[in-house]
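For reference, the structure is listed below as structure tokens.
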């Protein structure tokens, strides 16, 4: 049971990181800033493969939505 809780908390934290990255795309920022670079470094390994399979629709990147659905599925399996 404890491992399920830990996995759920890690996934929730990762979802928050993805939300911060999404918000960061809406505002001007320096992509070379250490905090922004860290966000890209930890989210890109998950978002990039999804982007390769599902292209953007009308210039809107839907890879975070697909990742959220996948993470939600994983949370339900472990929850």
Region 26-40, subset part of a helix (DSSP H, G or I) and loosely packed, with under 10 Cβ neighbours inside 10 Å, residue modelled with the lowest pLDDT: 26
Filtered residue count, region 62-79, keeping only those that are more than 20 Å from residue 7 (Cα to Cα) and touching a residue at least 12 places away in the same chain (Cβ under 8 Å): 1
Pairs where the first residue, in region 23-43, is closer than 19 Å to residue 62 by Cα and the second is surrounded by 13 or more Cβ atoms within 10 Å (Cβ to Cβ), C-beta under 6 Å, 6+ apart: 39/21; 43/18; 43/21
Members of region 43-73 found to be in contact with a helix residue (DSSP H, G or I) (Cβ under 7 Å, 6 or more places away or on another chain) and exposed (fewer than 13 other Cβ atoms within 10 Å of the Cβ), listed by number: none
Residues of region 7-16 satisfying the condition of being loosely packed, with under 13 Cβ neighbours inside 10 Å and touching a helix residue (DSSP H, G or I) at 6+ places or on another chain (Cβ under 9 Å): 12
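The values are calculated or read from the model by the stated rules, or taken from the named source; none is laboratory data. All values derive from a computational prediction rather than experimental measurement. Backbone-built Cβ (ideal geometry, glycine too); neighbour counts: all protein chains shown.
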